[in-house]
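Take a look at the structure set out below.
The values are calculated or read from the model by the stated rules, or taken from the named source; none is laboratory data. Predicted model, so just to flag it, every value in this text is computed and none were measured. For neighbour counting, all protein chains shown are included, and Cβ atoms are generated from backbone atoms with ideal geometry for every residue, glycine included. Side chains are part of the model used for accessible areas, which takes the heavy atoms of the whole protein and leaves out ligands, DNA and RNA. Shrake-Rupley method; radii C 1.70, N 1.55, O 1.52, S 1.80 Å.
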Amino acid sequence: MTATEVTAIAATAPQPAVSTPAALVLEDGRIFRGSSYGATGTALGEAVFATGMTGYQETITDPSYARQLVVQTAPHIGNTGVNSEDAESRRIWVAGYIVRDAARRPSNWRSERSLDDELVQQGIVGIQGVDTRAITRHLREHKTMRAGIFSGDAAQATDKELLSAVLASAPMEGARLAEEVSVDEAYAVEPKDHGWEGEPRLSIAAIDLGIKAMTPIRFAERGVRVHVLPATATLDDVKAVNPDGFFMSNGPGDPATADAQVKLLRSVLDEKLPYFGICFGNQILGRALGFGTYKLRYGHRGINQPVMDRRTGKVEITSQNHGFAVDAPLDGATQAPEERYGRVEVSHVSLNDDVVEGLACLDIPAFSVQYHPEAAAGPHDAAYLFDRFIDLMEGTRDGRTANLSGEPVDAAHPAAGTNAAGTNAAGTNADAQHKTDNKTEDKK
């Protein structure tokens, strides 16, 4: 069997089967052998690990995992089955699934079917019985990388042929995936359907770049009507719903490819419409302000990631799922490279590796975070961010405030301690220094 034939098998619909030998092949040649889980066939993508001890159904239905093979570090997966209520989107988005001990049968009063059956039904190829601790340690040491899961007929190829199929697959760098996972048509999420009594207090336009179902629900619970728009929406589409604020969601892929969304956000910021972004939406704000983005060695994926809110000094345990980050100066306010947007500061940082976890604009009504405050599954430490956005929208509408600084809006206000060239008081380029610092993510 040639590598071309192995790749061709990947294009065929996976077929359900009894457990058969399976292999996980990493692009550096490391191979882990186990048995098939879910559908049999071939799955190609980027191998990443997720550290959550619960919420596997929410994980596999998170669109941010599109084109990724997810390694669950929790050893026992499938114990509680799956149900129709806990999915975070309309389908499973992981390209493949890697677990150590798959439950032989689910045992939970909410279970409607087994995870194995769900994977088969949706054609998701998985592997079980592998040492997920060893896989995780390998990815931590050598970075996330392309990989393939092969089972059934596909697993009969030689190791060289399997590796060739992996090396022929597309990398995550340069991948434009938000349009692939987004909705095709707009829809609205109404507060009255989620416990809110009375008329909506505000409305927002939310761009679906891979939005999780709980995000608009968190807004609706607070009385905000959410107009969810496709990733291809224009400024005219946004204005057509007459929103009080603008939101961009989480999503998969490389933020360097999101030129259309960056252009849209700049148009929104120029309109002084309040903005809140999470995850991919944080990276897009960073790009709109003129900062760069870069790929992390192995990313942050799990529901136990510690983050410091620099405004309050509070440490939050957060839910995260990202492989890219914003490259922005960590210390103090600085002038945005796109100078018309005034000052910006890094509002949140990761306590594990100092990666930028949030941005706050001080002269326009905009902020964002890199993590998932809807936390499904996960802790609710960051739920206050929805209220912060509501306060910003109401303050902008009522004329009380239009930014997070508490000062009058003045885009010409100089950034404290930083000159127009981006050099701080010590005479060093803060952006370049941060880029050097945060490249050491895995070594701390």
Cβ-Cβ below 8 Å, separation at least six or inter-chain, first residue in the range 72-93 and within 18 Å of Ser107 (Cα to Cα) and free of Cβ contacts under 8 Å to residues at least 24 places away in the same chain, second open to solvent by 40 Å² or more (accessible area, probe 1.4 Å) and in a loop (DSSP other than H, G, I, E, B): which pairs?
Ala74/Met53; Ala74/Thr54
With respect to the numbered conditions (1) among the aliphatic types (A, V, I, L, M); (2) more than 21 Å from Ala168 (Cβ to Cβ); (3) in contact (Cβ under 8 Å) with a residue 24 or more places away in the chain, which one is the sole condition not fulfilled by Leu69?
(2)
Here are some conditions: (1) open to solvent by less than 40 Å² (accessible area, probe 1.4 Å); (2) in contact with a helix residue (DSSP H, G or I) (Cβ under 6 Å, 6 or more places away or on another chain); (3) not in a loop (DSSP other than H, G, I, E, B). Val307 meets all but one. Which one does it not meet?
(2)
Kindly check whether there is at least one residue in the range 132-142 that is open to solvent by 20 Å² or more (accessible area, probe 1.4 Å), assigned to a strand (DSSP E or B), touching a residue at least 12 places away in the same chain (Cβ under 8 Å) and under 22 Å from Gly34 (Cα atoms).
no
Scan Gly34, Gly81 and give me the residue that is over 15 Å from the mean Cα position of the chain (by Cα) and at positive phi.
Gly81
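Taking the stated definitions as given, is Val99 more than 19 Å from the chain's Cα centre (by Cα), crowded, with 21+ Cβ neighbours inside 10 Å and either modelled with pLDDT of 95 or more or of a type in the set (A, V, I, L, M, F, W, C) (or both)?
So Val99 passes the test.
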Can you tell me which residue is surrounded by the fewest Cβ atoms within 10 Å (Cβ to Cβ) among those in the range 192-231 that are within 18 Å of the chain's Cα centre (by Cα), not in a helix (DSSP H, G or I) and not hydrophobic (A, V, I, L, M, F, W, C)?
Pro230
